[in-house]
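Report on the structure given below.
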Amino acid sequence: MNDKVLVTGAAGFIGYHLCKRLLDEGKSVSGIDNLNDYYDVKLKEDRLSQLTIHSNFMFHKLELTDRANIAKVFEDGFDTVVNLAAQAGVRYSLINPYSYVDTNITGFLNILEGCKNTSVKHLVFASSSSVYGANTLMPFSVTQNVDHPVSLYAATKKSNELMAHVYSSLYSLPTTGLRFFTVYGPWGRPDMALFLFTKAIIERNPIKVFNFGNMNRDFTYIDDIIEGVIRVMGKVPEPSPAWSGENPDPSISYAPYKLYNIGNNKPIKLLDFIEIIEELLNKKAVKDFLPLQPGDVSSTYANIDALTQSFDFKPQTPIREGIKNFIDWYANYYGVNL
């Protein structure tokens, strides 16, 4: 992998961890983030403060929709670009749909143009397990058709995959899309289940348990996600001779384009997940059982065959270990005595 990297969403959960890993490895990293208030800005600023101490890190506070200034950032010249910036969250897309189109589609177009115009060697971009939408054949495979999204967020992520393919096809821009499955761990997002549950249980507030607890999630620990991203960054996709227009496989192409799932490949029942949190906190949760939320799905489960075959890698962190690491971080960060 080459040494000059641009990471968008650098103050976000995954972006921060990726930048930290790259900086620790001696890479030159530029980061873009708009530090928006979708969740606690202080958390983003505290992540960022651990990156800005590195002399080989340059930060740009920018909106991805700022076409002119994004183009200026690209003038620095990058070997690899990792696009992690996005308006995240399935449920919020029902409340503020325009922010998803602005950041995830218009913003991504500006990244694609920047990569094309400066001959970036590899664009790695975050997709999401949410693209599987109404699919029920488990485990979800990158070879499946994903034309039935159930949230606008999922539709924008599917759009990213399509847009990237166009640039790979027209301009031979190597692009790799990564469908992340429910990422969790230290410095995680406050709108995600583990953070919400931990905070509520500590504060003795009820937790919302959707679909009356009949949920399965392929929770994937942050270090496993980052290891997967690093490995993918180092392998530029090539056109696949196996691709056929008569029987098109969505995960490969005649162009330099590839898709991978990065998931734990071991889904866990939501109620079992909550039980582990309760045990580690030594507190019982007060559960408010609710129906399935619009835009949500009841189960996710990643087929990671393509990832394993290409990189001899699969996530390994046991769920209990990962949850404990998060709780330890949470207690330390917020000054909670457990």
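The values are calculated or read from the model by the stated rules, or taken from the named source; none is laboratory data. Nothing here was measured: the structure is a model prediction, and the numbers come from that model. With ideal geometry, Cβ positions are generated from the backbone for all residues, glycine too; neighbour counts draw on all protein chains shown. Ligands, DNA and RNA are excluded from the accessible area calculation, which covers all protein heavy atoms including side chains. Shrake-Rupley method; radii C 1.70, N 1.55, O 1.52, S 1.80 Å.
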The range 76-178 shape via C-alpha gyration tensor axes, a/c threshold 1.5: oblate
statement: Sequence order, the range 270-286: Karplus ³J(HN,Hα) from phi using 6.51 cos²θ - 1.76 cosθ + 1.60, θ = phi - 60°, Hz rounded, Gly and Pro as x, gives 4, 5, 5, 4, 4, 4, 5, 4, 4, 5, 6, 8, 6, 9, 8, 8, 8
- line: A correct Karplus calculation of ³J(HN,Hα) over the range 6-13, with 6.51 cos²θ - 1.76 cosθ + 1.60, θ = phi - 60°, whole Hz and x for Gly and Pro, returns 10, 10, 8, x, 5, 8, x, 4
task: State the extension gain, in nm to one decimal, for the chain segment bounded by Glu25 and Asp191, taking 0.36 nm per residue of separation less the distance between their alpha-carbons.
output: 56.7 nm
message: Cβ neighbours within 10 Å, averaged per peptide: list 244-250, 316-322, 75-81 in order, most packed at the top.
response: 75-81, 316-322, 244-250
statement: CD proxy, 222 nm, the chain: helix-only mean residue ellipticity via -39,500 (n - 2.57) per DSSP H run with n ≥ 4, per residue, nearest 500, stands at -10500 deg cm²/dmol
Rel. contact order, % - alpha carbon contacts under 8 angstrom, at least six apart, the range 95-244: 26
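Find the relative contact order for the range 1-118 and round it to a whole percent, using C-alpha pairs within less than 8 Å whose residues are 6+ positions apart. Present the calculation step by step, with values, prior to reporting the outcome.
Numbers: 174 pairs, mean separation 35.7, N = 118.
Answer for the range 1-118 is 30 percent.
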task: For Phe180, enumerate residues with amide H under 5 Å from its amide H, sequence gap 5+ or separate chain, H modeled in the peptide plane.
output: Ser127, Ser128, Ser129, Ile262
Interchain or long-range residues, amide H under 5 Å from Lys287's placed H: Ile207
- line: Partner lysines whose C-alpha sits under 23 Å from that of Lys284, ignoring same-chain residues fewer than 8 away, are Lys199, Lys208, Lys269, Lys324
The range 183-274 - percent relative contact order, Cα under 8 Å, separation 6 or more: 33
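Give me the number: length gained by fully extending Val336 to Tyr171, i.e. 0.36 nm times residue separation minus the C-alpha to C-alpha distance, one decimal in nm. Display every interim value, and only then the final one.
Working: separation 165, 0.36 × 165 = 59.40 nm, distance 5.22 nm.
Here the answer is 54.2 nm.
If a/c stays under 1.5 just call it rounded; otherwise compare a/b with b/c (prolate if a/b is bigger, oblate if not). Do that for the range 237-338, with a ≥ b ≥ c from the square roots of the Cα gyration tensor eigenvalues.
Working: a/c = 3.35, a/b = 2.10, b/c = 1.60.
Here the range 237-338 falls in the prolate category.
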- request: Hey, can you find the accessible area per residue of the chain for me, probe 1.4 Å, expressed in square angstrom?
  value: 43
message: Quick check: pseudo-label points 7 Å beyond the Cα along Cα→Cβ at Ala71 and Glu45, how many nm apart are they?
response: 3.3
- line: Amide H neighbours of Ser299 at under 5 Å, excluding residues fewer than 5 places away on the same chain, with H built from the backbone geometry, are Asn216
HN-Hα J in Hz across the range 49-57 - Karplus 6.51, -1.76, 1.60, θ = phi - 60°, x for Gly and Pro: 4, 7, 8, 5, 6, 7, 5, 9, 10
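Nearest 5 percent is fine: what portion of the DSSP beta bridges confined to the chain is antiparallel? Intermediate results must be reported in sequence, preceding the final value.
Numbers: 2 of 39 bridges.
Restricted to the chain, the bridges split so that about 5 percent are antiparallel.
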